[in-house]
1. Among Asp104, Asp194, which comes first, second and so on when ranked by fewest other beta-carbon atoms within 10 Å?
2. Output the peptides 94-100, 66-72 sorted from most to least packed, where packing is the average of other Cβ atoms within 10 Å over each peptide's residues.
3. Hey, with R₀ at 22 Å, roughly what FRET efficiency would Leu6 and Arg217 work out to, going by the Cβ-Cβ distance, to 0.05?
Amino acid sequence: MTDTLLSALLLMFSLGFMGSLHCIGMCGGLVTAVSMSRPKVWWSGLLIYQLGRVSTYALLGLLVGFTGVALSSFGGEILQRSLAIFAGTLMIIFALNLAGWLPDPLRRFSAWANKKTGLAKLVQKASTHARAGSWYTLGLANGLLPCGLVYAALSLALASNSAHTATLMMIVFGLGTIPAMLFVPSLLHKMTPDLRKKSMYIAALIMIAIGIITIFRSTVHQHHMSMLLNISFV
């Protein structure tokens with residue numbers, strides 16, 4: 001595994017992990033609705049649900065990976081760097097929303113997608129039956145919900161210019177979100193509103209830093225490339 005790939009995977013895991021507090025408030029509500037409707041938390045079901053989400057992310061990663069390969073002949077290096085800048089910008093916007101400093105621009109779209117995908121019915125079905133298929137399907141559908149965090153991850157995956165790498169990046173991103181999503185029922189009970197608010201702020205600041213670094217690295221690389229091109233034509 002090259003250092004570049006390792007860095008990309010660490011970035012994706014960090015993106016998923018730091019944004020997981022958002023998952024507690026948004027997507028995690030689905031898990032809570034299912035978990036709290038049962039006498040005991042069905043951990044096997046929650047794991048199957050996570051597998052469904054990661055499966056969707058992997059499929060999306062594969063699709064954007066092939067798209068990136070197809071587009072590379074048109075934009076090449078410039079396209080990759082532009083996508084990385086776009087992803088960094090999405091990270092910052094998502095972080096501002098995470099901390100409550102910016103309204104969620106996808107709120108209405110998410111509500112519409114929730115209704116269209118029938119997640120409410122899937123949640124009800126999963127809560128009344130301990131069936132692996134229901135929980136896996138719920139995870140698959142949940143992975144398709146509009147989310148700025150996922151869009152940022154997909155933008156980075158698209159910039160990888162490799163279907164294999166993009167798929168791996170989205171799998172690692174999904175794994176990064178699992179800790180909060182898996183333990184969301186107990187976390188919601190144990191975290192006080194003040195503690196959760198402070199945790200959101202810390203996560204938001206870290207994500208803003210990651211977004212700025214992503215943009216800065218892409219901009220600096222483009223500047224160096226431009227200098228080299230200018231020198232080569234002198």
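1. Numbers: Asp104 19, Asp194 8.
Result, fewest neighbours first: Asp194, Asp104.
2. Details: 94-100: 21.0, 66-72: 15.4.
Ranked from most to least packed, the peptides come out as 94-100, 66-72.
3. Values: r = 15 Å, r/R0 = 0.69.
For R0 = 22 Å, the calculated efficiency reads 0.90.
None of the figures in this text is laboratory data; all of them are computed from the coordinates on show. The model shown is predicted, which means the values in this text are computed figures rather than measured ones. When we count neighbours, we look across all protein chains shown, and the Cβ atoms used for this are built from the backbone with ideal geometry, even at glycine.
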